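The values are calculated or read from the model by the stated rules, or taken from the named source; none is laboratory data. Bear in mind the structure is a predicted one, so any value in this text is a computation, not a measurement. Don't worry about glycine lacking a Cβ; one is built from the backbone with ideal geometry, like all the others, and counts go over all protein chains shown. Side chains are part of the model used for accessible areas, which takes the heavy atoms of the whole protein and leaves out ligands, DNA and RNA. Shrake-Rupley method; radii C 1.70, N 1.55, O 1.52, S 1.80 Å.
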Amino acid sequence: MQWWRDARFGMFIHWGVYSVPAGTYKGQRINRIGEWIMNRGKIPVAEYQLFASQFNPVKFNAEEWVKTAKDAGMKYIVITAKHHDGFAMFKSNASTWNIVDATPYGKDILKDLADACRRNGMKLGFYYSQAQDWNNPGGAASRKATSEGWANPDSSTIDAYTAANSGHWDAAQTTKSMSQYIDDVAVPQVKELLTNYGDVAVLWWDTPTGMTDEYAEKLNALLSLQPRIITNDRLKRPNFPGDFKTPEQRIPNLSELDGKDWETCMTMNGTWGYKSYDTNWKSSQTMIRNLIDIASKGGNYLMNVGPKSDGTFPQESIDRLKEIGAWMKLNGEAIYATKASPLAPLSWGRCTKKESKNGTTLYISVFNWPKRGRLIIPGLKNEVISTSLLMNKESLNFEKYKGATDDKNGLIINVPFDAPDPLATVIKVELKGTL
């Protein structure tokens, strides 16, 4: 887990056939997130599969993708090898519903991406929808079919429940049982992913709809093919907790954290998969401050990009990634390989720390710049060695602050009257001892 904990920042990529309709079906804008268009629009299997004939991402360039992520300061990439629509973004012998066999493009993009990641020292992970699959017969289609809370259900019980209570809308989806789907599609495809692409850093399961411990164990057993792989907590709860928790579209409060590793995944706009008309983009400042907030609580930030059907990133994503990268180039030291803040919550910013045998370094990220050029950090009793602006190494004068009570003791740092970086200015504080 150590590389993952040190990385703090990764890129999520949601890409597939759903980027062709891009949120619109038969002239109607389909609500909710783009990669769920088949489900939300109740598109028949045969009709949805026609989109594959239009999926020809000739502008896809794996080297450019990896360079974009690397320049943004990201240390790993997780891409949707197969989302809930069942479309495999790789050559699969378990189903012809894949990018090589079903599209005019005819190439395995995961192979190209894996090669590019190796060349550039980027860790690569695969997202895999192990239960929900709306195209391969027998796959689950609704969270209504969950087995969570049941007393050790067997496969036949789950299959009967799924058939009676699922969200399937096309008879073609139910010509096989979920047991057959697991054995015929999910297990062999996961084996392909863990065998054909070199080292796989992360396997990111999603939505354990209809999963049983029996099904989960068949998939979990395959992890022996990649002994160093990291997995999340979405294979089958609660008996398969994985290595890290996955809060989605939100940053946990301190009271929610229980000491386990965690990663917030979040979109740049309102959708994971590309939607042509979703213009609700977060600002670079918001995403930078999200990253700082997450690191200050000891978590990772998996930021999503939804590529277009031609294989390019939306320009809005590219612009923001460049701005984030520029900030990270100057301030990444305050993010990578840091630990959670040892201080009481700061209303005006966040703190991360690093420890060594010589002492402790605090990185104070200031969101709301103080008036009168005086930044007060309460609760610091250790001897201060130095304070400086991280972005340019400029030394800052400081003095100890003595409050009315012992817990009010702290440090006063004399700072410029105006924030050197309005996105987030980081002050490096070097201390003797540990906190």
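The table below gives the values:
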read-out: Residues within the range 332-374 that are open to solvent by less than 30 Å² (accessible area, probe 1.4 Å) and either more than 12 Å from V426 (Cβ to Cβ) or among the aromatic types (F, W, Y) (or both), tallied; value: 8
read-out: Close pairs from the range 232-244: first farther than 18 Å from F12 by Cα, partner surrounded by fewer than 20 Cβ atoms within 10 Å (Cβ to Cβ) and among the basic types (K, R), Cβ under 6 Å, at least 6 apart; value: none
read-out: Residues that are outside any helix (DSSP H, G or I), at pLDDT below 50 and not aliphatic (A, V, I, L, M), drawn from the range 119-165; value: T146, S147, E148, G149, W150, N152, P153, D154
read-out: Qualifying residue in the range 29-39 (condition: among the acidic types (D, E), closer than 29 Å to F244 by Cα and touching a His at 6+ places or on another chain (Cβ under 8 Å)); value: yes
read-out: Residue within the range 260-279 that is charged (D, E, K, R) and either in contact with a Pro (Cβ under 7 Å, 6 or more places away or on another chain) or not in a loop (DSSP other than H, G, I, E, B) (or both) present; value: yes
read-out: Single condition K354 does not satisfy, out of (1) under 30 Å from G16 (Cβ atoms); (2) charged (D, E, K, R); (3) without any contact (Cβ under 8 Å) to a residue 24 or more places away in the chain; value: (1)
read-out: Members of the range 235-272 found to be within 23 Å of M211 (Cβ to Cβ) and either of a type in the set (F, W, Y) or under 13 Å from the mean Cα position of the chain (by Cα) (or both), listed by number; value: F240, F244, K245, T246, P247, E248, Q249, W262, E263, C265, W272
read-out: Top-ranked residue in the range 378-425 [being basic (K, R) and either open to solvent by less than 80 Å² (accessible area, probe 1.4 Å) or in a loop (DSSP other than H, G, I, E, B) (or both); ranked as modelled with the highest pLDDT]; value: K393
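Conditions (1) under 28 Å from R320 (Cα atoms); (2) open to solvent by 10 Å² or more (accessible area, probe 1.4 Å), marked per residue:
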| residue | (1), (2) |
| --- | --- |
| P208 | no, yes |
| Y215 | no, no |
| A221 | no, yes |
| I229 | no, yes |
| P247 | yes, yes |
| N253 | yes, yes |
| W262 | yes, yes |
| D293 | yes, yes |
| L302 | yes, no |
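So that you can scan it fast, the table gives a plain yes or no per residue for (1) more than 30 Å from D258 (Cβ to Cβ); (2) assigned to a loop (DSSP other than H, G, I, E, B):
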site: G167; (1), (2): yes, yes
site: A216; (1), (2): no, no
site: P227; (1), (2): no, yes
site: R234; (1), (2): no, yes
